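The values are calculated or read from the model by the stated rules, or taken from the named source; none is laboratory data. Because the structure is a prediction, the values reported are computed rather than measured. Don't worry about glycine lacking a Cβ; one is built from the backbone with ideal geometry, like all the others, and counts go over all protein chains shown.
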Amino acid sequence: MKKQPLSLLAGLTTAFCVLPLIPVLAAEDHSAHSAAPGPHNWQMGFQDAATPVAEHIHSFHNGLLYLVFGLAAFVISLLLIIIVRFNAKANPKPSLFAHNTVIEVLWTVIPVIILIVIAVPSMKLLYYMDRTPSPEMTLKVTGYQWNWGYEYPDQGGISFASYMIPEKEIDQSRGQIRLLSTDNPVVVPVDTNIQVLVTAADVLHSWAVPAFGIKTDAVPGRINETWMRVTRPGTYYGQCSELCGKGHAYMPIEIKAVSKEEFKAWTEGFAKEKKE
């Protein structure tokens, strides 16, 4: 009878050791779809990180996931031991003591240590996400009902509005995606520290790009700041993540990250079109 609880406990512990590997396996499987922009069917886990901030967020999340599963396995193991060894049938004459100083100190100190282990990297990550000390360019984002406006103060004041392409006008042969593609995508250079200033002209919005690890509220009369450094060329998508009215679901974000040479050519071409 004693072997059965032990085997059950061993099996449960093994299961909790394997379960944390599921997000890792899902992430590895997702890498096969990295060529496809945006989210895809049957996706598990985060979108592939395209900025240092997103990489830090994913790393912190994965570490925290292992910690949580380890704690859950430990607590459930203790519960099973109590159920098996200290039930009325196995232990008809229970002990009568009510306190154990060592245990009470441990279950107070250990949770405090765990919270510190979580809090310190969490605060460091929050500060890292906040702003870049040496921005190389600035992108100003303004939320409207229901579209986004973009300005490039360092590139001669380039500005434009970005609207979602209606579903009936989507051209899949050009890689356009329903509810995510826009008529004027944002163009940014890779390997560049970009300061992003976010505000709104009417109501609350939120500029969110999962692959960049960015979700910054757009508040009327206030400018919030974040930053990004895209590490590889590609097309990345996001959406407004703050309920802003009936058109909330129809103000996507499309960002094209290109080489610095291509970005320079794009800004020169945009300025030339504006003059004409």
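Cβ-Cβ contacts under 9 Å between residues 6 or more apart (or on different chains), taken from a first residue in the stretch 173-184 that is modelled with pLDDT of 90 or more to a second residue that is part of a loop (DSSP other than H, G, I, E, B) and of a type in the set (Phe, Trp, Tyr), are listed as 182/163; 183/163; 184/163.
For the stretch 123-159, the set of residues classified as at pLDDT below 95, among the hydroxyl-bearing types (Ser, Thr, Tyr) and either in a helix (DSSP H, G or I) or closer than 27 Å to residue 183 by Cβ (or both) consists of 127, 128, 159, listed by residue number. Within the stretch 215-244, restricting attention to residues that are polar (S, T, N, Q) and within 20 Å of residue 163 (Cα to Cα), the residue that is surrounded by the most Cβ atoms within 10 Å (Cβ to Cβ) is 216. Across the stretch 69-97, the number of residues qualifying as out of contact with any helix residue (DSSP H, G or I) (no Cβ under 9 Å at 6 or more places or on another chain) and either surrounded by 13 or more Cβ atoms within 10 Å (Cβ to Cβ) or among the small types (Gly, Ala, Ser) (or both) comes to 2.
Might you let me know whether the stretch 189-207 holds any residue that is among the aliphatic types (A, V, I, L, M), touching a His at 6+ places or on another chain (Cβ under 9 Å) and closer than 30 Å to residue 74 by Cβ? Scanning the stretch 189-207, I find no residue that is among the aliphatic types (A, V, I, L, M), touching a His at 6+ places or on another chain (Cβ under 9 Å) and closer than 30 Å to residue 74 by Cβ, so the answer is no. Just one of (1) exposed (fewer than 13 other Cβ atoms within 10 Å of the Cβ); (2) touching a helix residue (DSSP H, G or I) at 6+ places or on another chain (Cβ under 6 Å) fails for residue 119. It is (2).
Residues that are within 22 Å of residue 221 (Cα to Cα) and in contact with a Pro (Cβ under 9 Å, 6 or more places away or on another chain) within the stretch 126-142 comprise 138, 139, 140, listed in sequence order. Quick check: anything in the stretch 86-100 at negative phi, outside the structural domain of residue 217 (by TED's automatic domain parsing) and assigned to a helix (DSSP H, G or I)? The answer is no; no qualifying residue exists. Residues in the stretch 199-214 that are surrounded by fewer than 21 Cβ atoms within 10 Å (Cβ to Cβ) and of a type outside the set (Val, Ile, Thr): 201, 202, 204, 208. One residue is enough: does the stretch 267-275 have a residue meeting the conditions among the hydrophobic types (A, V, I, L, M, F, W, C) and over 24 Å from the mean Cα position of the chain (by Cα)? Yes, that holds for at least one residue. Of everything listed in (1) buried (at least 21 other Cβ atoms within 10 Å of the Cβ); (2) over 19 Å from the mean Cα position of the chain (by Cα); (3) of a type in the set (A, V, I, L, M), the single unmet condition for residue 257 is (2). Considering the stretch 199-220, and only residues there that are part of a loop (DSSP other than H, G, I, E, B) and out of contact with any Ser or Thr (no Cβ under 8 Å at 6 or more places or on another chain), the residue that is nearest to residue 231 (Cα to Cα) turns out to be 204.
The residues of the stretch 151-162 that are out of contact with any Ser or Thr (no Cβ under 6 Å at 6 or more places or on another chain), touching a residue at least 24 places away in the same chain (Cβ under 8 Å) and not aliphatic (A, V, I, L, M), listed by number, are 152, 156, 160.
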